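The values are calculated or read from the model by the stated rules, or taken from the named source; none is laboratory data. Fair warning: this is a prediction, and the values are worked out from it, not measured in the lab. In this analysis, Cβ positions are derived from the backbone assuming ideal geometry, glycine residues included, and neighbour counts consider all displayed protein chains.
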Amino acid sequence: MQKCIFLLLITLCSYALHSQEPISQQDSSLVKKDTINKIDYLKQLGNGYFPTKFLNVDLRYLIKYNQYEGLRTGLGGVTNDEFSEKYRIDSYVVYGFKDHRFKYRIGGGFRVNKSTDTWINLSYVDDLQETGSSSFLTDKRFFQFFEPRLLNIDLFHKHITKAINIEHQLSNHLITETEFAISKIDPTYDYNFMVKDERFSNFDITTAKISLQWSPFSTYETLKDKVVETNNGYPQFTLQLTQSFKNVIKGDFNFFKVDFRTQHKIRYNDDVFSELVLSSGLATGNTPLTHLYHAYPNNIRKETIMNRFSVAGVNSFETMYFNEFFSDRFATLQIKHFVKPFKISERYRPQLVLISRFAIGNMHDIERHKNISFGTLQKGFSEAGFELNKLLFGFGLSFAYRYGGYHLPKLEDNIAVKFTFNVSL
C-alpha cells in the first residue's frame, strides 16, 4: 500500500514539474491546432450548424412557424471534410403541421479545384418560398435562432426546382456562383398572371443566374490549409443577374432581373458604429408576382398597436404591412447607428440603436396581376425609430413611426412597437 502511495506521489510530482516546463514546439503546435478547432467549432455554431464527426447538423430546420404551415419542423445537414474533402451531401426534410405536407431537398456536390474552391452542386427541392422575396446565391449564411418575419408571412408559392450550381473563387476578395435551374411554380393563394390573352395560375420557369460578391477590404488568413476571412472589411458589394428563358425546357416567360446590394459599416470605436445597407432590383419582361420584389415588410393587419405587437426583424420595414407593396423596380436604404451601451453593471449593458429606413419603387403593367390588390412605392416610403436592445436575456424593445408619402390617416396605424431579440454566439 505504501509503495502504491509513493508511486502515486512520484507520478503527481512529475506531472507538476512537467507542467511548469516550457511548451515544446510539438506541444505548441498541438495547442495551436486545438485553438483552431475551437474557433472552427464556434464559427460553425454561429453559422447555424451543430458539428458532428461526419455531418454538420443544420439548425435552421429544427423548428419554425409561419401562417401557412403552422409549426414546421424537420432535420437537415451537410457532410464535412471528415466525410470527404471532395464530395458532400446537403439535404433536409421538414413537415408542416397546418398544411400536412412534407418538404425536402436532395442535394450534393463535388469539388473540381481545391485552389479556387470550385464546386459543382446538384439539387432537387420541393418546398415553399415567400412571394416577392429575393436572395443572392453568394450570400453568406445568416443564422437566427428564429426568424421574426417568418411568423407572420402568409403569401407563399410552392416550387419544385431542379438546379445545377457552380461555386468558384476568383480571388480572396471575389467569389462567384452560377446556377441553371428549372422550376414548377404553384402559388398557394388565388393569383393569375396575364400575358397578352393567356392566363397563368401556375407556370414553369427556366432561369440562368450569375452572382458576384466583392469584399475588397476584408482580410484573410490560411488556417488548416484553407483561406478563411478573418476580418470583414467594408464596404462590400454584391451583384446578381438573372435571365428567364421562354420555351427552354418548358419555360413559360422571358424576363431579366438585376439585383445589387452594398453594405457599409463606419466604426467610431469598439462600441459605437453605424451600419448602412443599400439594396436595389430591376425586373423587365414578363415577370410574375412570385419573382418580383417587396421591401421586406414586417407589420400585420390588425386593429390596434398591441394586437400588432410581435418581434422586429433585422433589416425589415416595421410599419409596412405584409403584401401592401410590390415593385418591378425598387431601391431601399437602411441606416442604423449603434450608440455606446449604457453601463449599468459589468454584465448588464443595454444598447440604443437609432434607425432610419427609406424605400422607393414602381411597377409597369400592374393590371396583369389578377385576384390580388397591392400598391407601389412611387411616392417613397419612410420610417424612423429606435431599438433598445439586450434589456433581458437578449430581448429588447423596438419603436418605429411611418411618415412621408404613405403616412396613414389614423395615427396609431403609423406606429409599430415590438420586441427585439439579439443573441450572438
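For the stretch 156-212, the candidate set comprises residues that are in contact (Cβ under 8 Å) with a residue 40 or more places away in the chain and charged (D, E, K, R); within that set, the residue that is nearest to Thr138 (Cα to Cα) is Glu177.
The lone criterion from (1) without any contact (Cβ under 8 Å) to a residue 60 or more places away in the chain; (2) closer than 22 Å to Asp139 by Cα left unmet by Leu128 is number (1). For the stretch 306-332, which positions are over 18 Å from the mean Cα position of the chain (by Cα) and part of a strand (DSSP E or B)? Once the filter is applied, which keeps residues that are over 18 Å from the mean Cα position of the chain (by Cα) and part of a strand (DSSP E or B), the stretch 306-332 yields Thr319, Met320, Tyr321, Phe325, Ser327, Arg329, Phe330, Ala331. Whether a residue is in contact (Cβ under 8 Å) with a residue 24 or more places away in the chain, more than 30 Å from Leu411 (Cα to Cα), in contact with a helix residue (DSSP H, G or I) (Cβ under 9 Å, 6 or more places away or on another chain) and in a strand (DSSP E or B) was assessed, and Thr242 passes this test.
Within the stretch 122-140, one or more residues are modelled with pLDDT under 85 and either out of contact with any strand residue (DSSP E or B) (no Cβ under 7 Å at 6 or more places or on another chain) or assigned to a strand (DSSP E or B) (or both). Restricting attention to the stretch 189-198, the residues being surrounded by fewer than 14 Cβ atoms within 10 Å (Cβ to Cβ) and more than 27 Å from Gln67 (Cβ to Cβ) number 3. Which of the residues spanning the stretch 253-278 are in contact with an Asp or Glu (Cβ under 8 Å, 6 or more places away or on another chain) and either farther than 16 Å from Asn232 by Cα or among the polar types (S, T, N, Q) (or both)? Scanning the stretch 253-278 gives a single hit, Gln263. Just a yes or no: is a residue in the stretch 407-425 more than 29 Å from Leu292 (Cβ to Cβ), surrounded by fewer than 15 Cβ atoms within 10 Å (Cβ to Cβ) and in contact with a helix residue (DSSP H, G or I) (Cβ under 7 Å, 6 or more places away or on another chain)? Yes - at least one qualifying residue is present in the stretch 407-425.
Condition test on Asp139, is it touching a residue at least 60 places away in the same chain (Cβ under 8 Å) and either surrounded by fewer than 16 Cβ atoms within 10 Å (Cβ to Cβ) or acidic (Asp, Glu) (or both)? So Asp139 passes the test.
Taking the criterion of being touching a Ser or Thr at 6+ places or on another chain (Cβ under 6 Å), more than 26 Å from Asn371 (Cα to Cα) and among the hydrophobic types (A, V, I, L, M, F, W, C), would at least one residue in the stretch 209-217 satisfy it? Yes; the residues of the stretch 209-217 include at least one that is touching a Ser or Thr at 6+ places or on another chain (Cβ under 6 Å), more than 26 Å from Asn371 (Cα to Cα) and among the hydrophobic types (A, V, I, L, M, F, W, C).
Of the residues making up the stretch 269-309, those that are of a type in the set (A, V, I, L, M), under 30 Å from Asn202 (Cα atoms) and modelled with pLDDT of 95 or more are Leu282, Ala283, Leu289, Leu292.
For Thr284, the criteria (1) surrounded by fewer than 19 Cβ atoms within 10 Å (Cβ to Cβ); (2) within 23 Å of Gly396 (Cα to Cα); (3) in contact with a Phe, Trp or Tyr (Cβ under 9 Å, 6 or more places away or on another chain) hold in every case but one, which is (2). Checking the structure you have, find out if any residue of the stretch 363-371 is surrounded by fewer than 17 Cβ atoms within 10 Å (Cβ to Cβ) and within 22 Å of Ser316 (Cβ to Cβ). There is no residue in the stretch 363-371 that is surrounded by fewer than 17 Cβ atoms within 10 Å (Cβ to Cβ) and within 22 Å of Ser316 (Cβ to Cβ). In the stretch 395-409, the residues that are within 18 Å of Lys336 (Cα to Cα) and without any contact (Cβ under 8 Å) to a residue 40 or more places away in the chain reach residues that are in a loop (DSSP other than H, G, I, E, B) and of a type in the set (A, V, I, L, M) with C-beta atoms within less than 9 angstrom, at least six apart or across chains, in these pairs: Leu397/Ala312. Being hydroxyl-bearing (Ser, Thr, Tyr), more than 30 Å from Glu198 (Cβ to Cβ) and touching a Ser or Thr at 6+ places or on another chain (Cβ under 7 Å) is the requirement here; does Thr319 meet it? Spelling it out, it is not the case that Thr319 is hydroxyl-bearing (Ser, Thr, Tyr), more than 30 Å from Glu198 (Cβ to Cβ) and touching a Ser or Thr at 6+ places or on another chain (Cβ under 7 Å).
Residues in the stretch 61-111 that are touching a Ser or Thr at 6+ places or on another chain (Cβ under 7 Å) and either within 23 Å of Asn165 (Cβ to Cβ) or part of a strand (DSSP E or B) (or both): Ile63, Gly76, Arg88, Ile89, Val94, Tyr95, Arg105, Ile106, Gly107, Arg111.
Within the stretch 363-377, the set of residues being part of a loop (DSSP other than H, G, I, E, B) and free of Cβ contacts under 8 Å to residues at least 24 places away in the same chain comprises Asp365, Ser373.
Taking the stretch 333-345 as the range and being touching a strand residue (DSSP E or B) at 6+ places or on another chain (Cβ under 9 Å) and part of a loop (DSSP other than H, G, I, E, B) as the test, the residues that pass are Val339, Lys340, Pro341, Phe342. Scanning the stretch 156-188 for residues that are at pLDDT below 95 and either closer than 16 Å to Asn66 by Cβ or in a loop (DSSP other than H, G, I, E, B) (or both) yields Asn172, His173.
Scanning the stretch 378-425 for residues that are of a type in the set (S, T, N, Q) and in a strand (DSSP E or B) yields Ser382, Asn389, Ser398, Thr420. Counting only strands (runs of 3 or more DSSP E) that sit completely within the stretch 249-300, those holding 3 or more residues that are among the aliphatic types (A, V, I, L, M) correspond to 273-285.
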